[in-house]
Every structure is written in structure tokens, then in C-alpha cells.
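I have placed the structure first, in the form of C-alpha cells, so that the comments after it can refer back to it.
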Amino acid sequence: MELFAMAKPKKKISFNLDKLPKLDKLSKLDNFPKDQILFVKSLVESPGEIGQVTPSSRFLAGGMVANLDLSSARAVVEFGPGTGAITKAIVKKCGTETTFFALETNANMITIWQRRFPNHKIIRDSAENISQHLSQHNLKEADYIISSLPFALLPPDLGERILSNAYEALRPGGVFVTYQYVHARVINSVMRLLKKTFTEVDTSVVFRNLPPAFIFRCYKH
């Protein structure tokens, strides 16, 4: 199991949720508070969809793609990319011939993501429909699926459908990667859920994230 040192917590940022601006009044991406406001707005409106109180750290993002040969992959799919913290690490490693797209259901997160990655494709749909979207890209299967979905917060039947469909969409030897925040009850329940579909699941811990997170790598044989 891989361990990392704990990072110092960042200064807390406060927002008045009653004064959130309308989306059409938001300006450019380099206006940092704007995307933070959209993130908080989404968290308040759909906490079960977001599943986290801060965007993922670069250390978690790096851990999610560590040891994945994305450069030679034919197809890489991301589930629930949110603001794109992990997307940034993914696209840096993808090859020029790699087809990459993301599936996201939250409109505010899609707005942020599209500003950050205008040259990449995000689709507003449930991750359980991955095979349909692979087919639309003239692909039969994915080499890697990288997920930020909060499986501990999803209805169990939805979580099982997403994992089952992800497994079917992976090529033999493909890898499904996801993470959950460190909490004994949550980690145990997510591990049980993953092992219903994947027979081999490896774990590592990233402490340099707020909160710390477990990374799960699930292999299709």
C-alpha cells in the first residue's frame, strides 16, 4: 500500500450562498472565486452528486493516473470529472491517438470543465451508459476508466449498474480506477461493492489531499 505525507490544510474560503451569481454573469476561468462559487453552488444543490467539499488535489490526481499507460491507450473514459482536477492529469498522459471523453451529470460542473478543457469532449449523461458512448465514438471497449463518482453516496443499485457496465466496457486487461475519502465504514462498503464486480482490487492511500483518500485500482482479467 502506497502512503504519502500529509499536506498542510489550505486557508478556508467562505462564501455567501445567498448571493451566488447567475451563470451568465460569470467571467473568465482565471477568476478563481467564480469557479469556487460554481463548485459550492453544485455542492449545495446536489451534495450526493458531488460527494466532496473541495476539488481534488494534484497529489490525488497524480495518484489516480500513476502507472497507467495512457499514452498507448486507444480509449480512456472519465466518470464524474467535476471541475477537472483529475482530467488535467489524464490528458497530460494521453497519447495523440487516444480517444478521451468524460461523462458528467451536473450542469455546473460541465460549465467549469468545458472552460478548462475546450479541446476535449464531455457528455451530460450517466456513467452507466458508457457502452453507448463508446459505440458513438466507433469504439467497442475502453482501456482505462477513471472515476471520481462517490460510490458510498450513490443508491446501491445504481452503483452496481455503473460498475457492471464499466466492467463490460473494459477490454481484457483494462483497469478501472476510483477513489473514496478515508473513513473505515465507507472504505469497507466501497471495497465490498467493487469486489462484487472485480476479482482483483489494489489500494493505495493519498494523504496529501483534503480529506485523505483511498485509491482503488480494479482489473479486468
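The values are calculated or read from the model by the stated rules, or taken from the named source; none is laboratory data. Bear in mind that the values here come from a model prediction, so they are computed numbers and not experimental data. Using ideal geometry, Cβ is built from the backbone for each residue, glycine included, and neighbour counts are taken over all protein chains shown.
Residues in the range 121-151 that are within 15 Å of the chain's Cα centre (by Cα) and over 17 Å from Ser56 (Cα atoms): Lys121, Ile122, Ile123, Arg124, Asp125, Ser126, Ala127, Glu128, Ile130, Tyr144, Ile145.
May I ask you to verify whether Phe214 is in a strand (DSSP E or B) and either buried (at least 18 other Cβ atoms within 10 Å of the Cβ) or touching a Gly at 6+ places or on another chain (Cβ under 8 Å) (or both)? In short, yes.
Only one entry of Ile90, Ile112, Ile86, Ile130 meets the criterion of being in a helix (DSSP H, G or I) and at pLDDT below 95, and that entry is Ile112.
Considering the range 109-125, and only residues there that are surrounded by fewer than 23 Cβ atoms within 10 Å (Cβ to Cβ) and touching a Leu at 6+ places or on another chain (Cβ under 7 Å), the residue that is nearest to Leu149 (Cα to Cα) turns out to be Asp125.
If you go through the range 63-90 and keep only what is surrounded by fewer than 18 Cβ atoms within 10 Å (Cβ to Cβ) and touching a strand residue (DSSP E or B) at 6+ places or on another chain (Cβ under 7 Å), you end up with just Arg74.
So if I check each of Arg171, Arg185, which one is among the basic types (Lys, Arg), outside any loop (DSSP other than H, G, I, E, B) and free of Cβ contacts under 8 Å to residues at least 40 places away in the same chain? Please lay out each step first, then the result.
Details: Arg171 fails: free of Cβ contacts under 8 Å to residues at least 40 places away in the same chain.
Criteria check complete, one pass: Arg185.
Screening the candidates Pro118, Pro150 for the property of being in a loop (DSSP other than H, G, I, E, B) and in contact with a Phe, Trp or Tyr (Cβ under 9 Å, 6 or more places away or on another chain) yields one hit, Pro150.
Pairing each residue of the range 189-210 that is farther than 13 Å from Phe151 by Cβ with any residue that is exposed (fewer than 14 other Cβ atoms within 10 Å of the Cβ) and charged (D, E, K, R), provided the two are 6+ apart or on different chains, yields C-beta distances under 6 Å for Ser204/Glu2.
Only one of the numbered conditions (1) in contact (Cβ under 8 Å) with a residue 12 or more places away in the chain; (2) part of a loop (DSSP other than H, G, I, E, B); (3) touching a Ser or Thr at 6+ places or on another chain (Cβ under 9 Å) is violated by Ser164, and that is (2). Which members of the range 166-194 meet the condition of being surrounded by fewer than 18 Cβ atoms within 10 Å (Cβ to Cβ) and closer than 26 Å to Ser72 by Cα? Selection gives Tyr167, Glu168, Arg171, Pro172, Gly173.
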